[in-house]
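Step one of this worksheet: look at the structure below.
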Amino acid sequence: AQSVTQLGSHVSVSEGALVLLRCNYSSSVPPYLFWYVQYPNQGLQLLLKYTTGATLVKGINGFEAEFKKSETSFHLTKPSAHMSDAAEYFCAVSDSGNTGKLIFGQGTTLQVKP
Amino acid sequence: KAGVTQTPRYLIKTRGQQVTLSCSPISGHRSVSWYQQTPGQGLQFLFEYFSETQRNKGNFPGRFSGRQFSNSRSEMNVSTLELGDSALYLCATRDRGVDTQYFGPGTRLTVL
């Protein structure tokens, strides 16, 4: 069975500081990995995804993530936080043959302080 | 293209009632997945429909059901509502052979 663990339910950074949101996964098959962002009272918006190929993936709004198979991790980073990055972030996993079913982590709320 | 549409956006029901939520996919998307989001359990997969057939089902009781129509629009139904069914219900759609799901804004269901 697949699972996702997001370390830290709340992360607080200062504006301009590095953002690092941690995600570890468990999967018995090669995983597809996703990061989604959710703003209050809205649905989920895709930030980036890893399926195959390059392990460093770049997404929207300056975010990127690196797939590390040996560490079963897919951490999300952004060099410089902006106030508008404050939101809830979800890491999710699926397998290549079952991409209609996402397994989500518990989410990390990012607070950005001025 | 227009995004995923969910109706209604907000709903208040009482225990024991039933409710039907609707999801209209992005044009051309034939797969619709449903998720329940609660503060305690987070985001949990309910089921997926593709070409009017249920492909996957999550670990929810039989009170939760769904269907998909020939135009790919999907509905989910919850019968005999319980207080714990209060949640944000999200649907997500994708095109055949594509790995990315696109989410709608959700329906906020409150059960009193």
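Given the residues A:N41, A:N98, A:N24, which is the only one that is of a type outside the set (G, A, S) and on the phi > 0 side of the Ramachandran plot?
Details: A:N98 fails: on the phi > 0 side of the Ramachandran plot; A:N24 fails: on the phi > 0 side of the Ramachandran plot.
Just one listed residue meets the conditions, A:N41.
In the list A:K58, A:K68, A:K101, which residue meets the criterion of being crowded, with 18+ Cβ neighbours inside 10 Å and basic (K, R)? Please lay out each step first, then the result.
Values: A:K58 fails: crowded, with 18+ Cβ neighbours inside 10 Å; A:K68 fails: crowded, with 18+ Cβ neighbours inside 10 Å.
So the residue among A:K58, A:K68, A:K101 that is crowded, with 18+ Cβ neighbours inside 10 Å and basic (K, R) is A:K101.
Mind listing whichever residues of the range B:19-46 are within 13 Å of another protein chain (Cβ to nearest Cβ), among the hydroxyl-bearing types (S, T, Y) and in contact with a Pro (Cβ under 9 Å, 6 or more places away or on another chain)?
Initial filter on the range B:19-46 (within 13 Å of another protein chain (Cβ to nearest Cβ)): B:23, B:25-26, B:29-46.
Checking the rest, the ones that are also among the hydroxyl-bearing types (S, T, Y) come to B:31, B:33, B:35, B:38.
Of everything in the range B:19-46, just one residue is within 13 Å of another protein chain (Cβ to nearest Cβ), among the hydroxyl-bearing types (S, T, Y) and in contact with a Pro (Cβ under 9 Å, 6 or more places away or on another chain), namely B:S31.
With the checklist (1) over 18 Å from A:D95 (Cα atoms); (2) within 12 Å of chain A (Cβ to nearest Cβ); (3) loosely packed, with under 15 Cβ neighbours inside 10 Å in hand, flag the one item B:G97 doesn't pass.
(1)
Would it be correct to say that A:S80 is more than 14 Å from every other protein chain (Cβ to nearest Cβ), in a loop (DSSP other than H, G, I, E, B) and modelled with pLDDT of 95 or more?
Working: more than 14 Å from every other protein chain (Cβ to nearest Cβ): yes; in a loop (DSSP other than H, G, I, E, B): yes; modelled with pLDDT of 95 or more: yes.
Answer is yes for this residue.
Restricting attention to the range B:47-59, does a residue exist that is out of contact with any Asp or Glu (no Cβ under 7 Å at 6 or more places or on another chain), touching a residue at least 60 places away in the same chain (Cβ under 8 Å) and within 11 Å of chain A (Cβ to nearest Cβ)?
No - not one qualifying residue is present in the range B:47-59.
Testing B:R108 on (1) in contact (Cβ under 8 Å) with a residue 40 or more places away in the chain; (2) more than 21 Å from A:L46 (Cβ to Cβ); (3) more than 9 Å from every other protein chain (Cβ to nearest Cβ); (4) among the basic types (K, R), one condition comes back false. Which one is that?
(3)
Are there strands (runs of 3 or more DSSP E) fully within the range B:1-108 with at least 3 residues that are at positive phi? List them.
On the way: elements: B:5-7, B:10-13, B:19-24, B:31-38, B:42-50, B:53-57, B:64-68, B:74-78, B:87-94.
It comes to none.
Exactly one of (1) outside any strand (DSSP E or B); (2) at pLDDT 95 or above is unmet by A:E71. Its number?
(2)
Would you tally the residues in the range B:35-90 being among the charged types (D, E, K, R) and farther than 20 Å from B:S24 by Cα?
First, pick out the residues of the range B:35-90 that are among the charged types (D, E, K, R): B:48, B:52, B:55, B:57, B:63, B:67, B:73, B:75, B:82, B:85.
Cutting the leftovers down to farther than 20 Å from B:S24 by Cα gives us B:63, B:82, B:85.
Count: 3.
The values are calculated or read from the model by the stated rules, or taken from the named source; none is laboratory data. Note that the structure is a prediction, hence the values are computed from the model and not measured. Methodologically, a virtual Cβ is constructed for each residue, glycine included, from the backbone with ideal geometry; neighbour enumeration extends over all protein chains shown.
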